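Data block below; observations after.
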Amino acid sequence: MGHAAIPSATTVFDSILFRDAFGTPAMREVFSDYALIGRYAEVEIALAHAEARCGVIPAEAAEEIAKRTDISALDFDLLRQETGIVGYPILPLVHQLAKQCGDAGRYVHWGATTQDIMDTAVILQVRDGLKVIEDDINALRGILADLSRHYRDTPMAGRTHLQQALPVTFGYKTAIWLAMFDRHAERLEQLKPRVLVGEFAGAAGTLASLGSKGLDVQRALCEELGLGVPVSTWHVARDGLAEVVNFFGLVTGSLGKIALDIMIMASTEFAEVYEPFVKGRGASSTMPQKRNPISSELMLAASKGVRQHVGLMLDAMVQDFERATGPWHAEWMAIPESFVLTAGALNQAKFALSGLIVDDRKMAQNLDISRGLIVAEAVMMGLAPQVGRQQAHDIVYDACRMANEKGMTLADALSADPQVSARIDRATIDRLTSPGNYLGLAPEMVDRVLGSVQRTG
């Protein structure tokens, strides 16, 4: 095996072993080095066009720059070496682009500062990345809507503090998950105009190098790239990019919640749902019977990783004066990794939920495990009109204790109490202690979520 074939990545994002567990090829492509350098060049070409439109540089120079710029012909090794020396990639790139463009090369990067190019390029990446995330969120919403419709009336134990509390339906649970992602879709739509704006402001952000033409060029550049025009320079005002990563914190936080529910429900003692069966997936090296919830584990890990980057982006907002000394560089770590982790987690969620195996018989068994105690509240409310709420509470409390101590059903324990049997016949007791009769408005709440926004399919 030749040396070139030896795997050399050091992070899960590029590892041949882990990269598709923690990310997706589509999102890695958006944030690849080659795509980023291409974005830098795209901004430089757009700047030349904008400046030609505004009469700042000759039109033929802009044409030459657009025609002769060739990313594939760059010397990437030289780019790497010079970036290491300079500390930023734009000056080394401009050296090579100027050479490629001949006489017109002197007009490359005219009046710009390094951060103008890098910030605008990152926004172009963010725009592409958000499109991927948006498509994934919408696909996931479709999957969750289908689950909610299908299991609208499927009774299961609702649990609070990990104890059985009252009956719910499985569709009610998935509808709550769906409502979170409906809100995420709305958040994404709202943040785009705030975030997808260009940056072109010059050395200290005042556009001094372009005299009176600065704001005209800024507007023309943003038009060339299809970006919004910033109201003010944002070299050190990083709330837009911080908002994107914080949004990913919310998205992956929701995925982490879903993952935790699935993992607990998939545990042997619950056995209510399983991730889709794929031969070998989740297998143990020592225990042949194991079927581990791998997608949920990855979703949970991603939510923890993105949360760290949320903190890093908030920290990176604290920038000194008109150009930051360090915080900006922290974004270079946090932004691509957050996009990749979020895309990876959404991908795992689509897989796990689209093929989720739901054992409604086991849900029914678990609902009966308490021998009717889960609907003690229903019995209390049924008795209350006859004896008053407090006395009803005390009667049912005593019946629950007896049922627990003697392993009886709640119905039998209640029937044994003359205070109850004198007032309610056995058929009514059986009806009140049947968990399926005490779902509250869970099914109607599913309908409310499904009807709360326009849905296709």
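Under 5 Å between amide hydrogens, built in the peptide plane, is the criterion, and for Thr24 it picks out Gly344 among residues at least 5 positions away or on other chains. Taking amide H as placed 1.01 Å from N in the peptide plane, Gly228 has its amide H under 5 Å from the amide H of Val197, Gly198, each at least 5 places away in sequence or on another chain. When both segment 151-170 and segment 244-303 are represented by their alpha-carbon centers, they are found 20 Å apart. Identify all aspartates and glutamates with a Cα-Cα distance to Lys279 below 19 Å; exclude those on the same chain that are fewer than 8 residues away in sequence. Leaving aside aspartates and glutamates fewer than 8 places away in the same chain, those within reach of Lys279 are Asp20, Glu297. Taking θ as phi - 60° and the Karplus parameters 6.51, -1.76 and 1.60, the scalar couplings of segment 419-436 work out to 4, 8, 4, 5, 9, 10, 7, 4, 4, 5, 4, 4, 5, 5, 9, 8, x, x Hz in sequence order, x denoting glycine and proline. With contributions of -39500 (n - 2.57) from each DSSP H run of at least four residues, the per-residue ellipticity at 222 nm computed over the chain stands at -20000 deg cm²/dmol. Cross-linked pairs Lys131/Lys362; Lys192/Lys350; Lys257/Lys406; Lys99/Lys131: Cα-Cα separations exceed 30 Å for Lys131/Lys362; Lys257/Lys406; Lys99/Lys131.
The charge dipole of segment 97-255, taken about its Cα centre with unit charges on the Cβ atoms of Lys, Arg (+1), Asp and Glu (-1) only, comes to about 360 debye. Distance between the pseudo-spin-label points of Ala364 and Ala165 (7 Å out from Cα toward the beta carbon): 2.5 nm.
Kindly work out what percent of the DSSP beta bridges joining two residues of the chain are antiparallel, to the nearest 5. Expressed as a percentage, antiparallel bridges in the chain total about 90. Compared with the dominant Cα axis of the chain, that is its longest principal axis, helix 239-265 is turned about 30°.
Our estimate of slack between Ser32 and Val278, defined as 0.36 nm per intervening residue step minus the Cα-Cα distance, is 85.5 nm.
Once the dipole of the chain is set up with Lys and Arg at +1 and Asp and Glu at -1 on Cβ about the Cα centre, which of Val318, Ser296, Leu17 lies farthest towards its positive end? In the chain, that residue is Ser296. Relative to the dominant Cα principal axis of the chain, helix 214-225 is inclined by about 60°.
Put simply, the amide H of Val273, placed in the peptide plane, has neighbours under 5 Å in Ala266, Asp359, leaving out anything fewer than 5 places away on its chain.
Applying the Karplus relation 6.51 cos²θ - 1.76 cosθ + 1.60 with θ = phi - 60° to segment 56-69 yields 3J(HN,Hα) values of 8, 10, x, 4, 5, 5, 4, 4, 5, 4, 5, 6, 9, 5 Hz, where x marks Gly and Pro.
Along the charge dipole of the chain, Cβ charges K/R +1 and D/E -1, which of Ala427, Pro385, Thr342 sits furthest on the positive end? Of the candidates, Ala427 comes out farthest on the positive side.
Normalised by the number of residues in the chain, the mean separation of alpha-carbon contacts (under 8 Å, six or more apart) gives a relative contact order of 18 percent. A simple spin-label model places the labels of Glu223 and Ala204 3.0 nm from each other, with each point 7 Å out along Cα-to-Cβ. Each residue in Thr206, Thr160, Thr169 was given a count of other beta-carbon atoms within 10 angstrom of its own, and listing them fewest first yields Thr160, Thr206, Thr169. For segment 164-174, backbone phi angles converted through the Karplus equation (6.51, -1.76, 1.60; θ = phi - 60°) give residue-by-residue couplings of 4, 10, 9, x, 9, 10, 5, x, 5, 4, 6 Hz, Gly and Pro being listed as x. Compared with the dominant Cα axis of the chain, that is its longest principal axis, helix 90-100 is turned about 50°.
About its Cα centre, the chain has a charge dipole of approximately 1240 debye under the convention of +1 per Lys or Arg Cβ and -1 per Asp or Glu Cβ, with nothing else charged. Taken about its Cα centre, segment 339-402 carries a charge dipole of about 160 debye when Lys and Arg each add +1 at the Cβ and Asp and Glu each add -1 at the Cβ.
Bear in mind these aren't lab numbers, they're just calculated from the coordinates by the rules spelled out. This structure is a prediction, so every number in the text was calculated from the model and none was measured. In this analysis, Cβ positions are derived from the backbone assuming ideal geometry, glycine residues included, and neighbour counts consider all displayed protein chains.
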